[in-house]
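Below you'll find the structure, written out as C-alpha cells, and then a few comments.
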Amino acid sequence: MSRLFRYVDGGSLCPRGSVVCIGAFDGLHLGHRALVRHAVARAQALGLPAVALSFEPLPREFFARGNPPPRLTLPRDRIEGLLGLGLERLGLLRFDAALAAMPAEDFVRRVLAGRLGAREVWIGPEFRFGHRRGGDLALLQAMGVELGFEAGQIAPVHAHGERVSSTRIREALVAGDFAHAAALLGRPYAIGGRVVRGRQLGRTLGFPTANLRFPKTPALSGIYATLVHGVDARPWPSVSSFGTRPTVQGVEPLLEAHLFDFAGDLYGRHLEVEFVAKLRDEEKFPDLPALTAQMHRDAAQARRILADLPQQAMPARAGNEASAAPAPHSEHHQAAAQR
C-alpha cells in the first residue's frame, strides 16, 4: 500500500486514528524537521501512525502563477525527505482552485477528521490554511473539541541566534552564503534529479555535463563550485551552471554539472548536486569562443576552491588532476550527460 496520497476526498486512511502535522515543508529545514519529529514522537507514544500533510504546487505558487516565488526543493526530494523522518503516510495534496476555495472548517472535517481520523494535529508557528487563510491554531483547537482531537503548535526553531525559515534560507542562497544556508537547513544545500539528455553543446565545447531539470523557479542561479553525490562512494568535484543559459537561448532552468576528470555514462542516474561556492552570476556572451574561454576560467577557479576542502570529501580521481579538463558552465551546460 502506498504511503503517499494526493486527494482530499476518499476512504479512511487511518481507521485507528493518527497524529498529523501540516506545513509547506519547502527545503525541509530544521524547523520543519522539528515539527515532523514531534508528530512522530507523539504518534509513537499513542501507538498511532504519524501523517504529514503538504501541498503541490505550494499555495504561494498557485496564487502567483505569473511570477511564482522561488522553490528550494522539488516534489521528489520533499517526499523522500519527509518519509525518511519516520512518517507512516504523507499527503501531498493537489492544490487547485477547489482546494484554494475550501473553507478551513471543511478541510478540517473532510481531511483531518474524515480521511485521517486525527487524534492530534500539530502545526508550526503562524501557520494558516483554508480559504483566505482562515484556519489557524485557535480554529483547530475549537473544532478539535467537536471532532475529538487535540491541536498544538511547536515553538519557533532558532539556529545561530536567528529563527529558521525558508525565506532566510532563500536569502542566504541568493547571497551565495552556503554555510549560512546549511546551518539553517541542518545539511548542505543540494538539488537532486535524474540525468537527462540535453542539446550536447557542452560536449562539443569540451565540457560534457550531467543535466538535471528544475521545472520550478529556482532559489539561485549562476556558476558554482559543486560536489556531485551518487557517482562514487564519495562526492565528485565539479563545476556547475544553474540557470536559463542566455548565450544559447535556454528557457527552462537547467542544472548542468561538469564532473572533473570523469569518463562514463550517467544518463538516467539519480544524482545530487551540492553547492559549495558561487563563482559568478550567469551572463550572456557575444559568441561561443568567449563563453568557452570563461568556462575554462571557471573550471580552474572551482578546482582551486574544491582542492581546499577536507580530503575525505574528495573522490579518487580517474586520470591526472593537473590536466584541468574544462568545467561546465552557465549557458554551455546545455550539454549532454558526462561520458
*Looking at 271, 279, 306, 220, which one is among the aliphatic types (A, V, I, L, M), within 26 Å of residue 74 (Cβ to Cβ) and part of a loop (DSSP other than H, G, I, E, B)?*
220
*asked:* Residue pairs, Cβ under 8 Å, 6 or more apart or interchain, first in the stretch 14-33 and on the phi > 0 side of the Ramachandran plot, second of a type in the set (Val, Ile, Thr) and in a loop (DSSP other than H, G, I, E, B). List them.
replied: 27/73; 28/73
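Can you work out which of the residues in the stretch 254-268 that are part of a strand (DSSP E or B) and not aliphatic (A, V, I, L, M) is farthest from residue 73 (Cα to Cα)? Let's see the steps before the verdict.
Our first condition is that a residue be part of a strand (DSSP E or B); within the stretch 254-268, this holds for 254-259.
Filter again for not aliphatic (A, V, I, L, M), leaving 256, 258.
Numbers: 256: 17, 258: 21 Å.
It comes out as 258.
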*Residue check: is residue 100 assigned to a helix (DSSP H, G or I), within 26 Å of the chain's Cα centre (by Cα) and over 15 Å from residue 137 (Cα atoms)?*
yes
*Got a sec? Which of 151, 113 is in contact (Cβ under 8 Å) with a residue 24 or more places away in the chain and in a helix (DSSP H, G or I)?*
113
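Only one residue in 41, 52 is without any contact (Cβ under 8 Å) to a residue 12 or more places away in the chain and either surrounded by fewer than 22 Cβ atoms within 10 Å (Cβ to Cβ) or not in a helix (DSSP H, G or I) (or both). Which one?
Working: 52 fails: without any contact (Cβ under 8 Å) to a residue 12 or more places away in the chain.
Every option except 41 fails the conditions.
Quick one: how many residues across the stretch 119-164 are of a type in the set (D, E, K, R) and within 22 Å of residue 100 (Cα to Cα)? Write out each step before concluding.
Kept after step one, since they are of a type in the set (D, E, K, R), are these residues of the stretch 119-164: 119-120, 126, 128, 132-133, 136, 146, 150, 162-163.
Right, trim to within 22 Å of residue 100 (Cα to Cα) and you get 126, 128, 132-133, 136.
Number satisfying all stated conditions: 5.
Values quoted throughout were computed directly from the atomic coordinates according to the rules given, and no laboratory measurement underlies them. Values in this document were obtained by computation on a predicted structure and should not be read as measured data. Note that we place each Cβ from the backbone using ideal geometry, even for glycine, and neighbour counts take in every protein chain shown.
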